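Worksheet for the structure shown next.
The values are calculated or read from the model by the stated rules, or taken from the named source; none is laboratory data. Only a predicted model underlies this, so the values are computations on that prediction, with no experimental measurement involved. Note that we place each Cβ from the backbone using ideal geometry, even for glycine, and neighbour counts take in every protein chain shown. Keep in mind that these areas ignore ligands, DNA and RNA; they rest on the heavy atoms of the full protein, side chains included. Shrake-Rupley method; radii C 1.70, N 1.55, O 1.52, S 1.80 Å.
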Amino acid sequence: MHEQNSKALDATLDTPTLSQPGLLVMDVDSTLIDEEVIDQLGREAGVGERIADITARTMAGELDFCQALRARVALLKGMDVAVFDTVYATLHFTTGALALIETLHQHGWKVGVVSGGFHETVDRLAQEAQLDHWIANRLAASEGLLTGEVVGDIVCRTTKEQALRTWAQEDGIAAAQTVAVGDGANDIPMIQRAALGVAFCAKPAVREAADAAIDTRDLRLVLDLLRD
């Protein structure tokens with residue numbers, strides 16, 4: 001057993017078990033990885049403080065996610081797309097992330113991520129972590145430069161909840177065998193939808209919505225919440 005989680009599970013909650021196939025869906029920024037990619041991009045663009053402030057307020061639930069994302073992306077207009085190579089080199093998987101994924105796979109589970117971040121980095125993270133599913137936003141570019149816009153619909157809180165349900169159906173996973181892990185207000189619907197919702201080093205509103213909370217940055221602690 002690892003360090004005790006700060007918010008204990010309800011004793012009456014019938015938590016998912018490792019003895020049967022399951023699905024875990026998690027957020028990417030500040031969950032799968034330690035960083036917020038949009039903030040890293042902002043620093044490269046010289047607008048780091050402005051973007052980081054919007055990010056913090058959004059994750060706390062003070063700002064509408066879609067509007068806030070468009071505002072932050074607009075500040076990246078004119079950046080060379082090569083910036084993604086620079087930023088990717090600065091990213092770190094959260095302690096225990098790869099071990100969690102490997103262990104779940106060994107027990108026949110599927111693992112996916114739904115990110116309000118960008119395919120330009122999430123695709124590479126997903127391949128490196130050997131994820132089964134992933135969804136993210138994509139930034140528009142023209143002649144090798146970012147246009148300051150997002151392509152298509154923005155991945156939002158409803159997208160995250162829908163992904164959890166869709167992937168469970170596609171993989172033949174019972175709803176009782178689903179787990180969601182996240183840190184921001186945008187993750188609350190999928191955390192509430194899952195059989196086990198976990199707030200990971202999360203904002204107060206997320207902790208309140210979750211079945212359990214982990215305050216130590218080690219994703220292996222999620223395994224302690226599952227039945228054998």
Which whole-number percent is the relative contact order of segment 65-137 (Cα, under 8 Å, 6+ apart)?
26
Run the simple label-point estimate for Leu98 and Ala56 please: 7 Å along Cα→C-beta, distance reported in nm.
3.1
Reviewing [x] 50, 41, 31; [y] 65, 40, 30; [z] 53, 31, 28, the figure for Cα extents along the principal axes in Å actually calculated from this model sits under [z]
Rounded to a whole %, the carbon-and-sulfur portion of the accessible area of the chain at a 1.4 Å probe is 47
When the chain is treated as a GNM, springs tying every alpha-carbon pair under 10 Å, which of Ile33, Ile191, Ile214 comes out with the largest mean-square fluctuation?
Ile33
Mind listing the long-range amide H neighbours of Val113? Cut-off is under 5 Å, sequence gap 5 or more, other chains count too, H placed in the peptide plane at 1.01 Å from N.
Met26, His133, Trp134, Ile135
Rounded to whole Hz, the Karplus (6.51, -1.76, 1.60) HN-Hα couplings of segment 33-42, x for glycine and proline
10, 6, 9, 9, 4, 4, 5, 5, 5, x
Rounded to the nearest whole Å², what accessible area per residue is found for the chain with the 1.4 Å probe?
44
Cα→Cβ-extended label distance, 7 Å offset, between Ile154 and Arg138, nm:
1.9
Given the options Ala99, Ala45, Ala82, state which has the largest fluctuation in a GNM of the chain using a 10 Å cut-off (strictly under) for Cα springs.
Ala82
Given the options Glu170, Glu120, Glu128, state which has the largest fluctuation in a GNM of the chain using a 10 Å cut-off (strictly under) for Cα springs.
Glu170
